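The values are calculated or read from the model by the stated rules, or taken from the named source; none is laboratory data. Everything numeric here is computed off the predicted structure, so don't read it as measured data. Methodologically, a virtual Cβ is constructed for each residue, glycine included, from the backbone with ideal geometry; neighbour enumeration extends over all protein chains shown. Protein only, heavy atoms only, side chains kept; ligands, DNA and RNA dropped before computing areas. Shrake-Rupley method; radii C 1.70, N 1.55, O 1.52, S 1.80 Å.
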Amino acid sequence: MKLASYDIQAKEIMAEDFIKIKKGSSIENISDILMKNTKKEIFIVDEADNIRGIITLKDLYSICHKNGDSFNELLKRDIIYIRPEDTLLKCRDLMVKEGIGRLPVIRGSRLVGVIRQEHIRNFLYMRIEKISVILKYIINNISEAVCLIDKEGRVLVWNNKAEDLYGITSKKIIGELLQDFFPNAIDVKILETRKKVKNIYHTPRKGCHIIISAVPIYIKGKFFGVVSTDRDISEVKKMQKELKQANDLIEFLQKEIDKKTDNNFGNVVGQSKAIKEKIDMSKRVAKSSASILITGESGSGKEVFARAIHNYSDVEGYFVPVNCSAIPKELFESEFFGYEEGAFTGAKKGGKKGLFELANNGTIFLDEIADLPLFMQAKLLRVLQDKTIKKIGGEKKLELNLRVISATNKDLSRMVKKGEFREDLYYRINVININLPPIRERKEDIILLFQHFLEEIAAENKIKVPKVESKVMDIMMNYDWPGNARELKNAVEHLLALAQDDEVITPELVPHYIREKVLNRENIDSIYTESVGLKSAVEEYESSLIKQALNISDGNIKLAAELLKIPRTTLHSKINKYNI
């Protein structure tokens, strides 16, 4: 719907009931026609119906009293006209500029209509009345309080929301000075400053929270008044308060749970006694700056532990992992120490930070440190002793403040005896030794690790977590996993890839080499039946979970059952079964 006059075209409001006569008619005939009709003008046209002149009552009066142009001279005047597509705004401006009361509407060269002053006036009055009704409806139904004052400070607009917000009716305030009701109102201040304000917070009464914005109004460069909108954010403030209270409660409960559980150490997964001991030890040493050497078989989670120690230590810097076996000897210094611009041919513009500098105030993790050549070991030892580095091509020394965590799956003490690893470096990095057990020595963690990898990989691939047949878990529990957690994760990924269109993972999907090794074990007869060893491990794990749930819930059976997601009757039965 068009509300403004700017885009209304002449053809939409022009009158088509006009009088026209042929050129050559006498002045007496024209005068007679005008006197007998209500029209105020006659259009003179030629044989082709093209307009040639306009005669008005005013023109007739001038001719009769001989104080104006003659009839023939009137026909020689330039005709000011418009096209049907011209806008109403153009019509109005043209009438004002030329001092005329009507405009013929010409299509091609033919007269098709006329627009008179009263047409424009009536149309605009009707449109203003329509716009006024629409604007009143809009203003009274928007969610913000609206106040409009003139340059004297008198209220012109006070909508329904303003009535609700401030408890003053529009009947009472409109036409009155705003400052009589609100002496410190922002609108009143803007009458003086004439500068807009945005999102100013204030509380007009207890429990009421308002955000107000206001702007001065200028019409054709002249100051008219001020309009403001007040947004009630009391409900938002209430929700924010409730949300903060809920978040505080969640944070408190999480801290309480963390205090009573052992599985909150980074991404370390496990509930076995062996892994709990390593977690406890890691937590104790995490707050110190002592160098740590993490040993264990390939895939046993050495980097996972290193990251968990770094995060638990609350240091400000980064965790920077370095695979020592992957750094060429000729790039050792540039990679570890960095270089200045122009230090050598091919050096990057601006230079480059080394790994030690990146890890400053944090942790550098030297993985596969046993594969570091002896000459590189000597350079590393110097850095660890002096705790300073100097970039290639640089003059200044950089002080280092970092934690060094190293890792290897090799026997460094034997390598020291063989002269393959520096003894002084060995003692420097081996202040604290954390030897991670392989997962074959912590069978009860296999189920946890399997479920963890299953959910993680399913989420990464945006697929539903499938169900797993119990026989699959029997196979998982009876395999030795020489590749440890890394091999287990690989096997889970294999299972998910093959089971994407199925809802259940079956034993047939388990990698062939795993099934073959399990079937060749001496206890093959117990694989697809209820293995005593498996049953014992599962029961031990189930008992451990129940104890943890009871500890967290302070013995509340209902809450513990909800945490375990089992019925209370089932929980009671298992408490009796395990004599908890």
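Some notes on this structure:
- Subset tally (residues that are more than 28 Å from residue 489 (Cα to Cα) and at pLDDT 85 or above) for region 316-327: 1
- Residue count, region 232-282 (criterion: assigned to a loop (DSSP other than H, G, I, E, B), on the phi < 0 side of the Ramachandran plot and modelled with pLDDT of 70 or more): 7
- Boolean, residue 112 is more than 35 Å from the chain's Cα centre (by Cα), open to solvent by less than 60 Å² (accessible area, probe 1.4 Å) and of a type in the set (A, V, I, L, M): yes
- Of everything in region 196-231 that is in a loop (DSSP other than H, G, I, E, B) and more than 15 Å from residue 151 (Cβ to Cβ), the residue that is least open to solvent (accessible area, probe 1.4 Å) is 208.
- Only residues that are among the charged types (D, E, K, R), in a loop (DSSP other than H, G, I, E, B) and surrounded by 11 or more Cβ atoms within 10 Å (Cβ to Cβ) were counted across region 8-29, and they come to 1.
- Residue 124 over 16 Å from residue 7 (Cα atoms) and either at pLDDT 80 or above or part of a helix (DSSP H, G or I) (or both): no
- Candidate set: region 540-580, residues that are polar (S, T, N, Q) and more than 18 Å from residue 270 (Cα to Cα); chosen: the one nearest to the chain's Cα centre (by Cα): 553
- Of all residues making up region 318-376, the number that are under 29 Å from residue 288 (Cα atoms), part of a loop (DSSP other than H, G, I, E, B) and either open to solvent by 70 Å² or more (accessible area, probe 1.4 Å) or among the aromatic types (Phe, Trp, Tyr) (or both): 2
- Look at region 87-109: where a residue is surrounded by fewer than 17 Cβ atoms within 10 Å (Cβ to Cβ) and a partner is modelled with pLDDT of 85 or more and outside any helix (DSSP H, G or I), sitting 6+ places away or on another chain with Cβ atoms under 6 Å, you get 98/80; 107/84.
Conditions tested, residue by residue: (1) closer than 30 Å to residue 419 by Cα; (2) not polar (S, T, N, Q).
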{"residue": "315", "(1), (2)": "no, yes"}
{"residue": "324", "(1), (2)": "yes, yes"}
{"residue": "354", "(1), (2)": "yes, yes"}
{"residue": "363", "(1), (2)": "yes, no"}
{"residue": "368", "(1), (2)": "yes, yes"}
{"residue": "375", "(1), (2)": "yes, yes"}
{"residue": "385", "(1), (2)": "yes, no"}
{"residue": "399", "(1), (2)": "no, yes"}
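- Of the criteria (1) among the hydrophobic types (A, V, I, L, M, F, W, C); (2) assigned to a strand (DSSP E or B); (3) more than 38 Å from the chain's Cα centre (by Cα), which one residue 148 fails: (3)
- Residues in region 298-317 that are open to solvent by 20 Å² or more (accessible area, probe 1.4 Å) and of a type in the set (Val, Ile, Thr): 304, 315.
- Some residue of region 176-185 being among the charged types (D, E, K, R), in a loop (DSSP other than H, G, I, E, B) and surrounded by 14 or more Cβ atoms within 10 Å (Cβ to Cβ): yes
- Test for residue 151: is it touching a residue at least 40 places away in the same chain (Cβ under 8 Å), closer than 30 Å to residue 38 by Cβ and surrounded by 12 or more Cβ atoms within 10 Å (Cβ to Cβ): no
- Every test in (1) at negative phi; (2) at pLDDT 90 or above is passed by residue 175 save one, and that test is (1).
- Residue selected from region 302-313 under the condition modelled with pLDDT of 90 or more and over 10 Å from residue 434 (Cβ atoms), by the criterion farthest from the chain's Cα centre (by Cα): 303
- The test for being at pLDDT 85 or above and either over 24 Å from residue 297 (Cα atoms) or open to solvent by 90 Å² or more (accessible area, probe 1.4 Å) (or both) holds for residue 465.
- Search result, residues across region 283-297 that are surrounded by 15 or more Cβ atoms within 10 Å (Cβ to Cβ) and either in a loop (DSSP other than H, G, I, E, B) or under 40 Å from the mean Cα position of the chain (by Cα) (or both): 283, 285, 286, 291, 292, 294, 296, 297
- Residue match in region 128-145 (condition: modelled with pLDDT of 85 or more, more than 30 Å from residue 231 (Cα to Cα) and either in contact with a Phe, Trp or Tyr (Cβ under 8 Å, 6 or more places away or on another chain) or of a type outside the set (Val, Ile, Thr) (or both)): no
- The criterion of being in contact with a Ser or Thr (Cβ under 6 Å, 6 or more places away or on another chain) and modelled with pLDDT under 90 does not hold for residue 391.
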